[in-house]
Amino acid sequence: MAARVESLASSGIQSIPKEYIRPQEELSSISDVFAEEKKHDGPQVPTIDLLDIQSDDPVVRERCREELKKAAEQWGVMHLVNHGIPDDLIERVKKAGEVFFTLPIEEKEKYANDQGSGKIQGYGSKLANNASGQLEWEDYFFHLVFPEDKRDLSIWPKTPSDYTAATSEYARLLRQLATKIMSSLSLGLGLEEGRLEKETGGLEEILLQMKINYYPKCPQPELALGVEAHTDVSALTFILHNMVPGLQLFYEGKWVTAKCVPNSIIMHIGDTIEILSNGKYKSILHRGLVNKERVRISWAVFCEPPKEKIILKPLPELVTEKEPAKFPPRTFAQHIHHKLFRKGEE
């Protein structure tokens, strides 16, 4: 059985095992996340109000879309407010995930995944997949949540009883939100409204995968990371969290800590849309810090194209002599492989 970070954290250790200690060059940039979150100077992750994204007034609608476009070009990450998903549903989703993670570890182990055999859905912890054998200070629960006919409900948590209902409804509404966002981003590139969605798989093929990240308290948070620096491979990623700070974005050469914005959903532009837009929309490098005082939980939903069916490459309308294609054509599976492989070589 894999060692769970939660067991480590609750064992009373004062110092963390060496596999969790980040390399020296990273350590200088890790600081106290609560102090970081209080800082008001320097750049801040933009907050985008989606209230008017489908307004009947073209001027009002255009203003909202322009804000979204600007955030996607400059940051590739934003807090979405007035996103149309009811607060009480979001609270139910969060409550259900929190209750699952408070179950005894042996109870959660019944849902354990087995990455070795390719069974990636379920309860897990990161395996050392790189040369340095680095591990991240987190456990997680990962499963496909949409489309409904592709789900495997047998591996969804049975406790709490509301888990399936709340998560299913959230996934359904998030899928609608993804359509709205992609429509707006398509128009922002001068393309027809449905283009980005079509190029990432459309209604039938886009997959929504949920990963609930559970970051236990860490006795030496200045030495570890909850999740190491990466960009998301998805088209879009939507994130909820339990209002404990931890997300950091690498912006203009510095790590910027995201504020906790009530009733917001954090959205990342992923590599898939960065590639299709020929780099106009950014997939930002980000990571997760941990702390001593509070458990952090986040709910990330990755909207992904199908692995083999689509060739991801810059859309021909966005490629010119002045702006040649910045990315070679690859399937989604090849893109993931390229990232893992390249990382291993660095």
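Give the ranking of Glu274, Glu204 by solvent-accessible surface, highest area first, calculated with a 1.4 Å probe.
Details: Glu274 35, Glu204 130 Å².
Final ranking, largest accessible area leading: Glu204, Glu274.
Of Lys18/Lys292; Lys18/Lys95; Lys150/Lys307; Lys108/Lys198; Lys69/Lys313; Lys150/Lys326, which pairs sit farther than 26 Å apart, going by alpha carbon to alpha carbon? List each step's numbers first, then the result.
On the way: Lys18/Lys292 18 Å; Lys18/Lys95 33 Å; Lys150/Lys307 14 Å; Lys108/Lys198 38 Å; Lys69/Lys313 20 Å; Lys150/Lys326 33 Å.
Over 26 Å apart, Cα to Cα: Lys18/Lys95; Lys108/Lys198; Lys150/Lys326.
Here the chain exposes an accessible surface that is 54 percent carbon and sulfur, computed with a 1.4 Å probe and the other protein chains kept in place. Using a probe of 1.4 Å on the protein chains alone, the accessible area found for Lys254 is around 140 Å². Surface listing: Asp152, Asp139, Asp56, Asp32 arranged by accessible area from highest to lowest gives Asp56, Asp32, Asp152, Asp139, probe 1.4 Å.
Using a cutoff of 8 angstrom between alpha carbon atoms and counting only pairs six or more residues apart, the relative contact order for the stretch 127-194 works out to 18 percent.
Please give the per residue accessible area of the stretch 173-212, computed with a probe of 1.4 Å over protein heavy atoms only, in Å². If you can, show how the numbers build up before the last one.
Values: 1360 Å² over 40 residues.
In whole numbers, the stretch 173-212 has 34 Å² accessible per residue.
Largest to smallest in accessible area, the residues Lys259, Lys108, Lys180 fall in the order Lys180, Lys259, Lys108 (1.4 Å probe, all protein chains included). The relative contact order of the chain, computed from alpha carbon pairs under 8 Å that lie at least 6 residues apart in sequence, is 22 percent. Once all protein chains are placed together, His337 keeps about 110 Å² accessible to a 1.4 angstrom probe.
Counting only protein heavy atoms and using a 1.4 Å probe, the accessible area of His230 comes to about 60 Å².
Starting from the Cα of Gln176, move 7 Å in the Cα-to-Cβ direction to define the label point; list residues of the stretch 48-62 whose amide nitrogen is under 20 Å from there. Label zone hits: 49-57, 61. Relative to the Cα centre, the charge distribution of the stretch 190-319, modelled as +1 at Lys and Arg Cβ and -1 at Asp and Glu Cβ, gives a dipole magnitude of about 620 debye. Over the chain, dividing the summed -39,500 (n - 2.57) contributions of all DSSP H runs of at least 4 residues by the number of residues returns a 222 nm mean residue ellipticity of -9000 deg cm²/dmol.
The values are calculated or read from the model by the stated rules, or taken from the named source; none is laboratory data. Predicted model only: the values in this text are computed from it and were never measured. A quick note on method: Cβ atoms are made from the backbone with ideal geometry, for glycine too, and the neighbour counts reach across all protein chains shown. These area figures cover heavy atoms from the full protein model, side chains too; ligands, DNA and RNA do not enter into them. Shrake-Rupley method; radii C 1.70, N 1.55, O 1.52, S 1.80 Å.
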